[in-house]
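*Asks:* I have a structure I would like to understand better, so I am pasting it below and will then ask my questions one at a time.
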Amino acid sequence: MIAIPNKAKQFLVFTIKVLIVSGAFYFIYQQLSQNDQLDWAKFTALFHKNWSIGGITFLLLFSFLNRFFEILKWRNLVTALQPISLLEATAQVLGALTAGIFTPNGLGEYAGKALFYEKTKVKKIVFLNLICNGIQMVLTVIFGVFGLLYFNAEFNIITTKTIALLFGFVIVLILVSFFLKSFTIKGYSLEKLVHKINQIPKSIHRRNILLGLSRYLVFSHQYYFLFLAFEVHLPYLILMSAITSIYFLASSMPSFQFLDFAVKGSVAVYFFGLLGVNEWIVVFITALMWFLNVVIPVLLGSYFVLNFKMKSK
């Protein structure tokens, strides 16, 4: 095996870091400058009409809490392996988010977080990240299903037969999982996965669920308050059922972080179109959610990527 000189290795790492940050900035610029659906004139007029320092601070607080709860989630889970500081957890979460912006469904975040640890701990870190993201997905599905059922009861967008088929499919999937829990693929099985999950202390799982729930409530209600800011006044339950349905359906689609608002926007336009909300308002709110909860954290994460140091072991 050919050994890479230390200076060459340092230059290679530096080049990769610059490429990641430059690529992140480029994709963000492309999405904001070349999207024909974003009517900046209408947005500017409404912004000048309704803006306030208190309102902007309120929305930024939601963005801060969204990522802060995610950072606390990660720090909580990693304590099952080793204690880390809040600053270390922040660097790992934001740095991994920046590195994962190019990958489908944020898969690059797994590798991004693993780089902060020794090679001997990589598998455990990937597993903990799976637990971290898994609880968020479970909550998205639970709230999304109930939201979709409530929305459907009001607007009948899915037939009763389709709903019955979907529930039948879920039941069959659960039964198949139960009977094949011992089925092994390359040494891995559902039974072993459950066993590994149970090895993590219950107190950590409880905090993980609580923090995941807090994060979900924060970003879903940030979406809700943005609609109020854009003078969309609909009943709370109808608006929230649409929001939870959008997150559920959009999360089910393969996508990249830098295309996140495009995917959620297309789903949102359909749902809010049924509620009579103007398309440009829906697109702008979805873009703002993306900017507040992805773009700003990615920009902050760029600092941690540029200052990242490879583990020697």
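Every number here is computed from the coordinates shown, using simple stated rules; none is lab data. Computed from a predicted model, the values in this text were never measured in an experiment. Because the Cβ atoms are built from the backbone with ideal geometry, glycine has one as well, and the counts that use them run over all protein chains shown.
*Asks:* Which length gain, in nm to one decimal place, applies between Asn278 and Phe155 when the Cα-Cα distance is subtracted from 0.36 nm times their residue separation?
*Replies:* Working: separation 123, 0.36 × 123 = 44.28 nm, distance 1.78 nm.
42.5 nm is the gain from fully extending Asn278 to Phe155.
*Asks:* How would you rank 215-225, 89-99, 269-279, highest first, on the average number of other Cβ atoms within 10 Å across their residues?
*Replies:* 89-99, 215-225, 269-279
*Asks:* Sticking with this structure for a sec: Once you have the Cα-Cα distance between Lys124 and Ile197, take 0.36 nm times their residue separation minus that, and quote the gain in nm to one decimal. Mind showing how you got there, number by number?
*Replies:* Values: separation 73, 0.36 × 73 = 26.28 nm, distance 1.12 nm.
Gain in length upon complete extension: 25.2 nm.
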